[in-house]
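Undergrad: I'd like to ask you about the structure that follows.
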Amino acid sequence: MSQEATSTVFMIVVMIALFYFMLYRPQKKQAAKRKELLSSLAVGVDVVTIGGVYGRIKALDDKTVKLEVAPGTEITFARAAINGKVAKETEASEGED
């Protein structure tokens, strides 16, 4: 192999390694984190949807989640529409206002 061919092969290997570490690996970690979030949902947990709707889980099954968004008002969402859990405010942060 000539020096030029070796250099070209080396650059291709470097590009593949960069692609893996910059794109594929972080995306795989994020997908695993999201799967863990969706599997950890339970009745009574406060959540926010991808559309920005806040509510408390009243019922859930494999594909849907029923959220109470106001007293007596429940909306059904796809389970995949849950973006995250809402952190409970501590008493110290409530007194700062």
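The values are calculated or read from the model by the stated rules, or taken from the named source; none is laboratory data. None of the values given here were measured: they were computed from a predicted structure. So basically every Cβ, Gly included, is an ideal-geometry build from the backbone, and we count neighbours across all protein chains shown. SASA here: full protein model, heavy atoms, side chains in, ligands and nucleic acids out. Shrake-Rupley method; radii C 1.70, N 1.55, O 1.52, S 1.80 Å.
Undergrad: Could you list, in sequence order, the residues of the stretch 40-67 that are of a type in the set (Ser, Thr, Tyr) and open to solvent by 40 Å² or more (accessible area, probe 1.4 Å)? Write out each step before concluding.
TA: If we filter the stretch 40-67 for residues that are of a type in the set (Ser, Thr, Tyr), which is where we start, we get 40, 49, 54, 64.
Residues satisfying the conditions are Ser40, Tyr54, Thr64.
Undergrad: Conditions first: (1) touching a helix residue (DSSP H, G or I) at 6+ places or on another chain (Cβ under 8 Å); (2) assigned to a strand (DSSP E or B). Arg56 passes all but one, so which condition is the exception?
TA: (1)
Undergrad: Give me the residue from the stretch 68-90 that is open to solvent by 70 Å² or more (accessible area, probe 1.4 Å), among the charged types (D, E, K, R) and in contact with a strand residue (DSSP E or B) (Cβ under 8 Å, 6 or more places away or on another chain) and, out of that set, modelled with the lowest pLDDT.
TA: Initial filter on the stretch 68-90 (open to solvent by 70 Å² or more (accessible area, probe 1.4 Å)): 71-72, 74, 76, 83, 85, 87-90.
Next cut, among the charged types (D, E, K, R) only: 74, 85, 88-89.
Next cut, in contact with a strand residue (DSSP E or B) (Cβ under 8 Å, 6 or more places away or on another chain) only: 74, 85, 88.
Working: Glu74: 96, Lys85: 94, Lys88: 77.
That would be Lys88.
Undergrad: Determine if the stretch 23-39 includes at least one residue that is open to solvent by 100 Å² or more (accessible area, probe 1.4 Å), closer than 26 Å to Lys88 by Cα and in a strand (DSSP E or B).
TA: no
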